[in-house]
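Have a look at the structure below before the remarks.
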Amino acid sequence: MGAQLRVYRSRIKAVQGTKKITRAFELIAASRMVKAQQRTAASAPYARAITRAVSAVATYSNEDHPLTTEKREVTRAAMLLVTSDRGLAGAYSSNVIKEGERLAELLRGEGKEVVPFIAGRKGSSYYRFRRRSVAAEWAGFSDAPQFEHAKEIADALIDAFLRPTEEGGVDEIHVVSTRFVNMVTQTPEVVRLLPLEVVEGDEPPAPDDVLPLYEFEPSAAAVLDALLPKYVESRIFNALLQSAASELAARQRAMKSATDNAEELIKRYTRLANTARQSEITQEISEIVGGANALADASASA
Amino acid sequence: MPLQVELVSADRKVWSGEASMVIARTVEGDLGILPGHAPVLAVLASGELKIRPTSGDQITVTAEGGFLSVEHDRVTVVSDMAAVASGSTAN
């Protein structure tokens with residue numbers, strides 16, 4: 001076997017190995033994605049119930065709460081960046097990081113200092129590589145976030161928000177995450193989390209309507225106190241779940257195109273190998289024929 | 001008219017169905033809800049929550065904090081951690 005042919009055969013083998021791996025990744029991502037979508041759907045009743053309750057309090061009482069009040073002077077803004085822990089997901093992480101950079105640029109343009117909070121190893125390493133300081137980072141749950149993780153992040157963010165600015169607190173909090181639109185489209189988006197903009201009930205009550213008089217146990221302020229952190233938690237949980245579904249969708253797509261590319265490469269190398277084999281055979285035949293002719297000529301002239 | 005009860009925790013819907021009475025432990029003491037109750041929003045303490053469905057046995061739920069809202073005979077119980085301790089889980 002010629003050297004050329006051997007090289008092609010070994011390349012085909014290597015690409016076949018890679019193809020098997022990417023195919024397996026694709027299937028894993030696909031099955032996890034279904035799960036992630038189900039979990040997103042399962043968390044919807046909780047989010048809906050909390051949103052209803054918050055808008056009920058906002059509509060039927062005149063309570064002010066630290067989490068809903070705009071600060072007069074905004075000097076420090078926190079940014080929660082939701083990225084993935086692992087790569088091989090196409091442009092997923094770099095898209096969301098880019099969106100974060102844009103937001104940071106915008107905030108700095110408004111004269112605000114940006115305090116990054118980062119979920120996911122990819123975001124952490126991006127910041128570490130550029131030697132930027134990070135207020136807090138979390139990792140290890142990007143493709144299957146639990147509610148406890150959302151709670152942990154929410155606690156840290158609310159804590160930072162309630163601390164005075166001089167003591168390292170922040171005046172507003174933005175979340176940069178990826179929204180799962182469908183299997184093909186996942187868009188990075190920015191949401192301002194705190195101070196909360198409470199969306200009031202869908203239908204504003206007419207002036208002559210008798211408002212259902214809510215009773216608050218023990219008081220409207222206490223109810224709001226208990227509700228708002230939960231609202232923040234559920235918003236963050238939702239962002240994490242959507243990002244997880246997006247990550248898995250992006251990974252599935254990236255791995256699918258990697259598998260397709262591998263197939264393409266195998267095809268091309270097979271063709272090249274065939275050509276190499278054929279030309280080897282042709283050369284051997286012409287050598288034999290040439291040799292035989294030379295022998296025949298030699299014996300004829302003798 | 002029975003109460004429409006929905007019990008949700010952070011990651012899933014735990015129970016939903018019709019009930020004739022709901023008893024919950026709020027931070028100010030036990031609160032019983034019967035059909036026709038005035039709209040209320042209450043903060044729950046950790047403890048047991050009892051639901052008496054229109055059919056079947058009483059359901060006891062352990063809830064750790066959260067809140068309960070009532071409006072127009074719709075009862076929504078929201079808790080980070082809620083689990084059915086006894087009674088049927090079928091709805």
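For this structure, a couple of remarks:
- Breaking point among (1) over 19 Å from residue A:147 (Cβ atoms); (2) surrounded by 14 or more Cβ atoms within 10 Å (Cβ to Cβ); (3) more than 8 Å from chain A (Cβ to nearest Cβ), for residue B:86: (2)
- Applying the criterion of being out of contact with any helix residue (DSSP H, G or I) (no Cβ under 7 Å at 6 or more places or on another chain) and β-branched (Val, Ile, Thr) to the residues of segment A:6-47, the residue that is surrounded by the fewest Cβ atoms within 10 Å (Cβ to Cβ) is A:34.
- Some residue of segment B:59-69 being away from chain A (no Cβ under 14 Å), more than 19 Å from residue A:219 (Cα to Cα) and either crowded, with 16+ Cβ neighbours inside 10 Å or at pLDDT below 85 (or both): yes
- Of all residues in segment A:209-230 being buried (at least 21 other Cβ atoms within 10 Å of the Cβ) and more than 8 Å from chain B (Cβ to nearest Cβ), the one that is modelled with the highest pLDDT: A:228
Quick grid of which residues meet (1) of a type outside the set (Lys, Arg); (2) within 20 Å of residue A:243 (Cβ to Cβ); (3) touching a Leu at 6+ places or on another chain (Cβ under 9 Å); (4) assigned to a helix (DSSP H, G or I):
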site: A:14; (1), (2), (3), (4): yes, no, no, yes
site: A:17; (1), (2), (3), (4): yes, no, no, yes
site: A:26; (1), (2), (3), (4): yes, yes, no, yes
site: A:30; (1), (2), (3), (4): yes, yes, yes, yes
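- Scan segment B:16-63 for residues that are touching a residue at least 60 places away in the same chain (Cβ under 8 Å) and in contact with a Ser or Thr (Cβ under 7 Å, 6 or more places away or on another chain) and the total you get is 0.
- Segment A:48-67, subset buried (at least 20 other Cβ atoms within 10 Å of the Cβ) and under 16 Å from residue B:80 (Cβ atoms), residue farthest from the other protein chains (Cβ to nearest Cβ): A:54
- Per-region count, segment B:1-16, residues within 9 Å of chain A (Cβ to nearest Cβ) and closer than 25 Å to residue A:218 by Cα: 4
- Every residue from segment A:107-144 that is surrounded by 14 or more Cβ atoms within 10 Å (Cβ to Cβ), over 21 Å from residue A:91 (Cβ atoms) and not hydrophobic (A, V, I, L, M, F, W, C): A:112, A:113, A:137
- Residue match in segment B:17-27 (condition: in contact with a strand residue (DSSP E or B) (Cβ under 7 Å, 6 or more places away or on another chain), buried (at least 21 other Cβ atoms within 10 Å of the Cβ) and within 9 Å of chain A (Cβ to nearest Cβ)): no
- There is no residue in segment A:89-97 that is away from chain B (no Cβ under 14 Å), closer than 30 Å to residue A:226 by Cα, assigned to a loop (DSSP other than H, G, I, E, B) and touching a helix residue (DSSP H, G or I) at 6+ places or on another chain (Cβ under 7 Å).
- Whether a residue is under 30 Å from residue A:220 (Cα atoms), in a helix (DSSP H, G or I) and either among the β-branched types (Val, Ile, Thr) or within 14 Å of chain B (Cβ to nearest Cβ) (or both) was assessed, and residue A:21 does not pass this test.
- Of all the criteria given as (1) at pLDDT below 95; (2) buried (at least 17 other Cβ atoms within 10 Å of the Cβ), the one not satisfied by residue A:262 is (1).
The values are calculated or read from the model by the stated rules, or taken from the named source; none is laboratory data. Everything quoted here is computed from the prediction, not taken from an experiment. Because the Cβ atoms are built from the backbone with ideal geometry, glycine has one as well, and the counts that use them run over all protein chains shown.
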